[in-house]
Amino acid sequence: MLMLATRDNCACAKCRNEDTNQRSFDTFDIDPDIRPAHAEGVGECLKITWSDQHESVFPVNTLDRYAFGDGEHETTAPSNLWGSVPGPSSMSYLSIDRDPKWMAKLTTLIKTNGFVFVCDTPYHSPEPTKQLLERIGPIRNTHYGGFYDFIPDLASADTAYTNLALAPHTDTTYFSDPAGLQAFHLLSHVPAPKIGGGETGADVEAASGGESILVDGFKASNILQREDYGSWLTLRSMAVRWHASGNEGIAVTPGQMRPVILVRGKKLIQIRWNNDDRGVVPLGNTWYKAARKWDQILKRENMQFKFQLKPGTVLIFNNWRVLHGRTAFTGTRRICGAYISMDDFTSRWRTSNFSKEEVLAQVMG
Ligand SMILES: [Fe+2]
Ligand SMILES: [Zn+2]
């Protein structure tokens, strides 16, 4: 079977469509007992002539993958975990297209730090922000729409569309595949007329508050694992229900219940946490104890990176890792932004940081 797997990965011009990189033969037409008739080393490659006379040339370093591939598609960049004072993670909008490596830098900052600030972004309109995000990947459509540009008015029935404080959470916990990236750009924050106010200036509500909070969920998971291993195991193994059902005609919930902490092998994949969007936890005493500890870690001062969003600075972050929240605010805020799927983001990171050969090895191996 190992031989068939090797033959199946032949990348010669007959076996792989050079325009699309897709397999161009039927795997199941090949003799399942195919064997090499002859093999010889040619430079860094192994040339195999098969029992059916087909010839393949494999770079030696790819052969291990066919034999021992672990299904791990994603080459990971090292992660810098952070608390209340992350290291710098920003770039200038002015570097777009001027620096040929700008996309590689942008995506690497998100990959390693979990977030990036794009400074000097025009804010006279939401359009430059939208175009920047579309360069990373297609904007993801949801029941709230695609690219958003809103002033809190509860037009969408979700607390995000109010001026209330929001505890750190991840977005779209209610999708099987939660939004990968999320972006915010505060276009303006101005005083607002008080509802029911008179003609005098005192009836204008000042623009204040609305401090943003980011929490590194991967660091929080590591802390929970260290301080209370049982609780960590509970949050990674007990699947719970999540939902979005505030809008008329909308009742979204993942097809299967999902855990708060998603781990594959030893790798932390995803944090899913919005207590307000959580459904029933069946027989959940153990879960509640674990979730209480988790919540306490997220609320620690030394875990919360706090800052004020300002016009001109776009915040883009990994919604599978970084939780976001805000303090209450007064006045009128106009915020635009969007979601981008994790697979689309990872594709952009890969294609902007690696050669075509490296990319193909990553996705096909
Ligand atoms: Fe949110
Ligand atoms: Zn071939």
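Table for the structure above
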quantity: Region 201-237-region 31-62 distance, computed between alpha-carbon centres (Å); calculated: 54
quantity: Long-range HN-HN contacts of Gly279 with modeled amide H, under 5 Å; calculated: Arg241, Trp242, His243
quantity: Surface accessible to a 1.4 Å probe, per residue, for the residues of the chain, Å²; calculated: 51
quantity: Long-range HN-HN contacts of Cys15 with modeled amide H, under 5 Å; calculated: none
quantity: FRET efficiency for Ala39 and Asn17, using Cβ-Cβ distance with R0 set to 35 Å, rounded to 0.05; calculated: 0.85
quantity: Vicinal HN-Hα couplings computed from phi for region 120-132 (Karplus, 6.51 cos²θ - 1.76 cosθ + 1.60; Hz; Gly/Pro x); calculated: 6, 7, x, 10, 5, 8, x, 4, x, 5, 4, 5, 4
quantity: List Ser352, Ser176, ordered by accessible area with a 1.4 Å probe, largest first; calculated: Ser176, Ser352
quantity: Tail fraction, Cα-Cα pairs, the chain, threshold 26 Å, whole percent; calculated: 60
quantity: Where a label projected 7 Å from the Cα of Arg135 along Cα→Cβ would reach, residues of region 313-338 with amide N under 17 Å; calculated: 313-317, 337-338
quantity: Label point distance in nm, Ala5-Asp64, each placed 7 Å from Cα along Cα→Cβ; calculated: 1.5
quantity: Region 244-284 and region 162-189: distance between their alpha carbon centers, rounded to Å; calculated: 15
quantity: Positive dipole terminus of region 90-352, leading residue within Asn247, Met257, Phe305 (C-beta point charges); calculated: Met257
quantity: Nearby aspartates and glutamates by direct alpha-carbon distance to Lys267 (threshold 14 angstrom, same-chain neighbours under 8 apart not counted); calculated: Asp70, Glu72, Glu74
quantity: Between helix 285-298 and the chain: long-axis angle, C-alpha atoms, 0 to 90°, nearest 10; calculated: 80
quantity: Listed peptides 300-309, 331-340 by packing density, highest first (mean Cβ within 10 Å); calculated: 331-340, 300-309
quantity: Cβ charges +1 (Lys, Arg) and -1 (Asp, Glu), total dipole of region 2-69, debye; calculated: 120
quantity: FRET efficiency, 1/(1 + (r/R0)^6) with R0 25 Å, evaluated for Lys299 and Ile269 via beta carbons; calculated: 0.60
quantity: Within a Gaussian network of the chain (alpha carbon springs, distance under 10 Å), most fluctuating of Ser89, Ser51, Ser237; calculated: Ser51
quantity: Computed magnitude of the charge dipole of the chain (debye, nearest 20; Cβ of K, R +1, Cβ of D, E -1); calculated: 1120
quantity: Neighbourhood net charge (11 Å Cβ-Cβ; Lys/Arg +1, Asp/Glu -1) for Val240; calculated: +3
quantity: In degrees, nearest ten, helix 102-113 long axis to first principal axis of the chain (Cα); calculated: 80
quantity: Partner lysines for Lys266 [C-alpha distance under 20 Å; skip if fewer than 8 residues away on the same chain]; calculated: Lys111, Lys219
quantity: Shape call, region 2-69: gyration tensor on alpha carbons, a/c limit 1.5; calculated: rounded
quantity: Protection-proxy order for peptides 20-27, 117-124, each taking the mean of Cβ atoms within 10 Å per residue, highest first; calculated: 117-124, 20-27
quantity: Apportionment of accessible area to carbon and sulfur, the chain, percent (1.4 Å); calculated: 52
quantity: Under the Karplus curve 6.51 cos²θ - 1.76 cosθ + 1.60, θ = phi - 60°, whole-Hz ³J(HN,Hα) for region 27-40, x wherever Gly or Pro sits; calculated: 3, 8, 7, 7, 4, x, 9, 3, 9, x, 8, 7, 9, 8
quantity: For region 90-352, with +1 on Lys and Arg beta carbons and -1 on Asp and Glu, the positive-most of Gln296, Leu233, Leu186 along the dipole; calculated: Leu233
quantity: Long-range amide H partners of Asn274 with built H, under 5 Å; calculated: Thr170
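The values are calculated or read from the model by the stated rules, or taken from the named source; none is laboratory data. Remember, it's a predicted structure, so these values are computed and weren't measured experimentally. Cβ: placed from backbone, ideal geometry, glycine included. Neighbour counts: every protein chain shown. Please note that ligands, DNA and RNA were not included when accessible areas were found on the heavy atoms of the full protein model with its side chains. Shrake-Rupley method; radii C 1.70, N 1.55, O 1.52, S 1.80 Å.
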